[in-house]
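Inspection log for the structure reproduced underneath, given as structure tokens.
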Amino acid sequence: MKKHLLALLAATAAMAVQLSAQAQNLPRTQLKIAGGLSNLTAYQEFEQPFWTKTIPELSKGQVTAEIKGFNEMGVKGPELMRLLSSGVLEFGTATLSYFASDNPINEAIDLPGLAPDAASARKVTDLFKPVYDKFYGQGSSIKILGISPYPAQVLFCNATINGLADVKGKKVRTSSRTQAEFVEALGGTSVTMAFGEVVPAMQNKVVDCAITGSLSGYSAKWYEVATHLYALPINWNQQIHAVNQKAWDKLDPKVQTFLQSNIDKLMNDMWDAAAKQTQLGYDCNSGAAACTLPVKGKVKVVQPSAADKALLKKLTSEVVLPKWAARCSDQCVSDFNATIGKTLGFVAKK
């Protein structure tokens, strides 16, 4: 036992020396990052500390970075991929659904009802990432470094909602075309508006409900205007973390390897946190004792019925998926069926 422990300690020490040596061999590199929305947990607890603390510390100060949320830079989310493609921005993070109008392939991994839990959402993302790698690498000269989730996207309402049937007749803020199609299939009216406009809109009854991440809604203080939260994961609003290919190619290969290996760890951390943050959102919006954050809301969290879970899947198959397939290319539909569809038992048809 003692010999085993000594061997383990020796191996750990050797690895530490090796990592330290690798860090010292890295050339001095300064990076600029356009991060995700700066008022949300994904940025505050993961992205910002990763680039401003983790990367400098692990590189022994050789690799440093400046990061600002794209919203702080005056950049609109849908512009980000075009700015990355042109090289105006080097590194950037944004929600894939922002680019749905550019190409519906960006909605493929996040169709409402596709992934009922965080583990399923990650499986779907991993299955389709090689398709995105090829699509963006060839068409936009962008290298995808990783894809991460927000907490589950759920319904917040300033009205009583005990199930999906209660969406009928309500005005619901949605953030993607497929979310809008899902709401309309339930008899609701989809309303498009910026995330920051939701609180006054819900307060003034411009909308009755809005869809966002359970913890994202908490961070934006939706608990001040919502009375009900329906805890049925609709989708996950995955973010793409990318870099302009030319900017990446200019980096020393050792820096490339260093960054990619640590970004892989960051993605794992963000996926591991997705389910926990979803539950934390439920707890803190409702004021449950399990909430570990300072402010506790008073929203009523309604648990979904088995019938509603089945209805969500049915709407995905019969409404959301066909409408999405109709506007995506033949290759896009084929890639979906060969990856996500094959694994989950969905078939997209034009």
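Data for the structure
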| read-out | value |
| --- | --- |
| Subset of the range 212-265 [among the small types (G, A, S) and in the same structural domain as F99 (by TED's automatic domain parsing)] | A242, A247, S261 |
| Checklist (1) farther than 21 Å from V299 by Cβ; (2) of a type in the set (S, T, N, Q); (3) modelled with pLDDT under 95 applied to N237, failing item | (1) |
| Condition check for T93: of a type in the set (S, T, Y) and not in a helix (DSSP H, G or I) | yes |
| The range 81-106 - residue that is hydrophobic (A, V, I, L, M, F, W, C) and within 15 Å of the chain's Cα centre (by Cα) and, of those, surrounded by the most Cβ atoms within 10 Å (Cβ to Cβ) | A94 |
| Residue within the range 228-243 that is under 22 Å from Q30 (Cβ atoms) and surrounded by fewer than 20 Cβ atoms within 10 Å (Cβ to Cβ) present | no |
| Boolean, N158 is surrounded by fewer than 18 Cβ atoms within 10 Å (Cβ to Cβ), touching a strand residue (DSSP E or B) at 6+ places or on another chain (Cβ under 8 Å) and either modelled with pLDDT of 95 or more or not assigned by TED's automatic domain parsing to the domain that holds N39 (or both) | no |
| Complete set of residues in the range 336-350 that are in contact with a Pro (Cβ under 9 Å, 6 or more places away or on another chain) and either assigned to a helix (DSSP H, G or I) or hydrophobic (A, V, I, L, M, F, W, C) (or both) | T339, A348 |
| Exclusive hit being touching a residue at least 12 places away in the same chain (Cβ under 8 Å) and assigned by TED's automatic domain parsing to the domain that holds A121, set A273, A348, A325 | A273 |
| Whichever residue in the range 45-58 is touching a Ser or Thr at 6+ places or on another chain (Cβ under 8 Å) and touching a residue at least 40 places away in the same chain (Cβ under 8 Å) and, among such residues, is farthest from A273 (Cα to Cα) | I55 |
| I105 being modelled with pLDDT of 95 or more and either outside any strand (DSSP E or B) or of a type outside the set (A, V, I, L, M) (or both) | yes |
| All positions within the range 176-206 that are buried (at least 21 other Cβ atoms within 10 Å of the Cβ) and over 24 Å from S305 (Cβ atoms) | S176, V198, M202 |
| Qualifying residue in the range 213-222 (condition: part of a loop (DSSP other than H, G, I, E, B) and within 25 Å of L312 (Cβ to Cβ)) | yes |
| Residues within the range 272-315 that are surrounded by fewer than 20 Cβ atoms within 10 Å (Cβ to Cβ) and under 30 Å from A242 (Cα atoms), tallied | 4 |
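The values are calculated or read from the model by the stated rules, or taken from the named source; none is laboratory data. Note that the structure is predicted; figures quoted are calculated from it, not measured. Cβ coordinates were reconstructed from backbone atoms using ideal geometry, including for glycine residues, and neighbour counts include every protein chain displayed.
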